[in-house]
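Asks: Have a look at this one.
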Amino acid sequence: MPVSNSASDPSSAAGHGHWVRVALDVPLPGLFDYRAGGEVRPGQRVIVPFGRRELVGVVVERPSMPAIAEEQVRDVAQVLDDVPPLPEDWLRLAAFAADYYQRPLGEVMLPALPGPLRRPAAYRGKRAGGGPVARLDARAARAAGGKRKGRPGKAGASGDGDVVAGDRAAAGAPGGAAGMTATAGPAVPGDGLVPARPALSAAQQAAVDALAALQGFRPVLLHGVTGSGKTEVYLHAAERVLAAGRQVMLLVPEINLTPQLEGVLRRRLEAVAGVRGVAVLHSGLADGERLEAWLRAVRGEARVLIGTRLALFTPLPELGLIVVDEEHDPSYKQQEGLRYSARDLAIWRARDRGVPVVLGSATPSLESWHHATAGRYLLLSLPERAQAGQLPAIRLLDTRPLRLEQGLAPPLLAAVEARLQRGEQSLIFLNRRGYAPVLHCDACGWVSGCRRCSAYMVLHRAVRPGLAGGPYRHELRCHHCGWQERVPAACPDCGNQDLQPMGRGTQRLEEYLAQRFPQARIARIDADSTRLKGSAQKLFAQVHAGEVDILVGTQMVAKGHDFQNLTFVGVLNADAMLFSHDFRAPERLFAQLMQVAGRAGRSGSASEVFVQTGYPEQPLYQALVRHDYVGFARYALDERAAAGLPPFAYQALLTAEAGELAQALGFLAQAREAAEAWAAAGDAAAVAAQPEAGSTRRAAVAPMVSAGAAQPAIAADMSRITLYDPVPLRVVRVANVERAQLLAESDSRPALQAFLRSWTALLPTLPGASRVRWQLEVDPLEI
Ligand code: ADP
Ligand code: ZN
Ligand code: ZN
């Protein structure tokens, strides 16, 4: 429905050049032109009509002429000035991300803002009350006893009162925001005491000094073994930057998995910056909480921002330092929408702002390690644990000659037994949730497949006891599409009533351990046991409080926890990742095993890690036993170099989804043929090579149509682009959609970028494009 906009006078817009070019979160390339009645600046948000809807957009530029006929240009419905215009460096960051990851600018900018700031309903209608920011501020002022007046949301260009558009403002209003402004956010787990400041070790001191000496942009890799006290180094660096009057951004992988770390960072930094000086941002926050924390950061009230990958996009006017903790963690990579790497963008942002960026890890990504050893990143090392303790002794249990008890080797069970007797904790790591990966009929070979996916249904212990449907109180669940069904009473193929679980997941392991050690208190931490909000924190708190003897868990338990009384770690089923088709699997396995082993012996008592394997001679395991990340990285990088894989090559993955695999493969084949035609044409035209030197600058090439030819030509150096065969995904069908992928690779990042820019423009025009959904991922983590 059209919005009445009497305030704006179309003729004055043309006269004063008040055209605005706006980024909108719509799946269309390009920007959209509107006419603004009053003064509007780049970085300001506006509400504009789009088709029959209204949308919030971000003004990117003020062109002197609109890109479409003037009479077709519609009016801005409302200019939002409840927050300062998004700063220039934020606009640059978004523009870079959009260009690098090949997405429309609006699909980068809008999702990066707190929800209420991008919903027209939060501003429209009688009850909008000047918008979510004004409401939040008013509530904060009331909570503060009415002394401090909230900033009133100034009326936009069209005025706030004369608006007739879709109401329901209250629906988008931040709910619990009032309480949030008074406190600093969600409660901090732990005892609330400010943790002690230990005297720095020599290695820590050297790292702190090196960081203090940095001027301007410099990427730093802080490689410190597990328990070496990397946190302490971040804190010292942060305190220095705060004392200099600048802001600090501290990125962490998944906050709810490491509430303890959040608590330590927060209490220590609150002691310096004040309670309101520390803001926390992650996806688990309610809209109002996220808006409140974001506002404090943007207004410079928060001096420290701790957050997950989404926090990377927060404007920070006085940014002085970025820290990326556990920089190797895959959760820095967003896997939907804009598939960005927050770690990589953090480095870009630090460069753009001219500030240092510290990447910390015990097991750096091979990309970062490669940069560090090549001298592009400053390498700082913490080779020893901070507290008295040694690193745990790691032993490989060769399972081939052993008789396993429910998958567990006798020495491993004996080690758990010994811990129980000494009152120490054990951790059994099994990266497979559920009861058993598949249900099976011995009589005819039937297995529990998902009817919607090319994958097995996983047997789970039912949540609700007494679930009818068979001899087991279990159910089948598909981990790919979420489909659930009852366990059949008998084999659907042959009628055999004795269906058997095959293999084991964490539930079955927990069940067995409870049987085997009836006196032990056992806790299981995986995605199933932590589904409810706050339950992960609760379980971890129990472990820290010593209320758990044996902890069973998936990769969720491998993250940075500082378990003080844990002296034994047993690792099951690691071999499953050893021979994966994914070239990154060994890197991920090694990191995971080093990290999980690193949970043991952190208080100084002697500790052990047993890894069950059928392949103890594998170089990966041999390096693990020596705690030899450097040796592993050398070996793995040699392999990557020999195979021409990242970080020695740059990749992009085009994925297509369709009702039938043939359609997906057909589209990808067309995409490849089009690129090959470019390559052939390029051979003839002898296209000049692209500038080199790892530059992330936008290569100065644009698609163009060569005269007389129907096929568009590109200026990218196609001789440096390799396109692989389109192939089905390993799990080809998920929820009745079939998927295939095509890998593009180059030894030059600019060449790949130039190619992708032309390619993504071409893809929608391919004949097969209407029958598939496609997406492009730059620097994919999983192939
Ligand atoms: P990392 O992140 O490197 O694995 P942490 O930062 O979690 O290690 O530190 C491990 C433990 O060592 C923590 O309990 C921390 O309080 C402690 N610690 C850190 N630095 C020192 C130090 N200089 N002296 C004594 N203990 C320290
Ligand atoms: Zn059967
Ligand atoms: Zn399924």
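Values in this text are rule-based calculations from the coordinates and carry no lab data. Treat the numbers as computed from the prediction; the structure is a model and nothing was measured. Virtual Cβ from ideal backbone geometry, glycine too; neighbours counted across all protein chains shown.
Asks: Describe numerically, in nm with one decimal, the distance between label points set 7 Å from Cα along Cα→Cβ at R730 and at E660.
Replies: If labels sit at R730 and E660, their model points lie 2.8 nm apart.
Asks: Along the principal axes of its C-alpha atoms, what lengths does the stretch 225-304 span, in descending order and rounded to whole Å?
Replies: Projected onto its principal axes, the Cα set of the stretch 225-304 covers 38, 32, 16 Å.
Asks: State, to one decimal in nm, how far the label point of A374 lies from the label point of E71, with both points 7 Å from Cα in the Cβ direction.
Replies: About 5.7 nm separates the two model spin labels.
Asks: Let me ask another. Can you give the longest run of the chain that contains no GluC sites (Glu not before Pro) sitting in a DSSP loop with at most 16 other Cβ atoms inside 10 Å?
Replies: 40-300
Asks: Next question, about the same structure. Out of all DSSP beta bridges in the chain, what portion is antiparallel? Express it as a percent rounded to 5.
Replies: 50
Asks: Would you please give the FRET efficiency between D628 and E782, computed as 1/(1 + (r/R0)^6) with r the Cβ-Cβ distance and R0 = 30 Å, to the nearest 0.05?
Replies: Once the sixth-power term is evaluated, E becomes 0.70.
Asks: Could you work out how much longer the chain between E547 and Q497 gets when fully extended? Use 0.36 nm per residue separation minus the Cα distance between them, nm to one decimal.
Replies: Gain on stretching E547 to Q497: 13.9 nm.
Asks: Label points 7 Å out from Cα along the Cβ direction at A443 and A141: separation in nm?
Replies: It is 7.7 nm.
Asks: Sticking with this structure for a sec: Using a cut-off of 10 Å between beta-carbons, work out the net charge of the residues near F32 (Lys and Arg +1, Asp and Glu -1, F32 not included).
Replies: That sum, taken over residues with Cβ under 10 Å, equals +1.
Asks: Further question on the same structure: What full-extension length gain, to one decimal in nm, is calculated for R473 and A761 as 0.36 nm per residue of separation minus the Cα-Cα distance?
Replies: This chain segment gains 98.4 nm when fully extended.
Asks: Sticking with this one: With a ≥ b ≥ c the root eigenvalues of the C-alpha gyration tensor of the stretch 348-461, is it rounded (a/c under 1.5), prolate (a/b larger than b/c) or oblate?
Replies: The shape class here is oblate.
Asks: Using r as the Cβ-Cβ distance of A489 and Q515, and R0 as 35 Å, what FRET efficiency do you calculate, to the nearest 0.05?
Replies: Plugging the Cβ-Cβ distance into 1/(1 + (r/R0)^6) gives 0.85.
Asks: Considering the dipole of the chain built from charges on the beta carbon (Lys and Arg +1, Asp and Glu -1) around the Cα centre, which of A273, C491, Q390 is farthest to its positive end?
Replies: Going by the charge dipole, the pick is A273.
Asks: Another question, if that's okay. How much length would be gained if the chain were fully extended between A95 and A196, taking 0.36 nm per residue of separation minus their Cα-Cα distance, in nm to one decimal?
Replies: Stretched out fully, the A95 to A196 stretch lengthens by 32.1 nm.
Asks: Could you list, in their original order, any pairs among K533/K559; K333/K538; K538/K559; K230/K533 whose Cα atoms are separated by more than 21 Å?
Replies: Too far apart for the 21 Å limit: K333/K538; K230/K533.
Asks: All other residues with a Cβ under 10 Å from the Cβ of R432 taken together, and with Lys, Arg as +1 and Asp, Glu as -1, what is their net charge?
Replies: Here the count lands on +2.
Asks: Could you tell me which chymotrypsin sites (Phe, Trp or Tyr not before Pro) in the stretch 492-580 are loop residues by DSSP with no more than 12 other beta carbons within 10 angstrom of their beta carbon?
Replies: Within the stretch 492-580, the qualifying chymotrypsin sites (Phe, Trp or Tyr not before Pro) (loop, at most 12 other Cβ atoms within 10 Å) are F579.
Asks: If you don't mind, another one. Local charge sum around Y621 (other residues, Cβ-Cβ under 13 Å, Lys/Arg +1, Asp/Glu -1)?
Replies: Within the 13 Å Cβ shell, the charges total -2.
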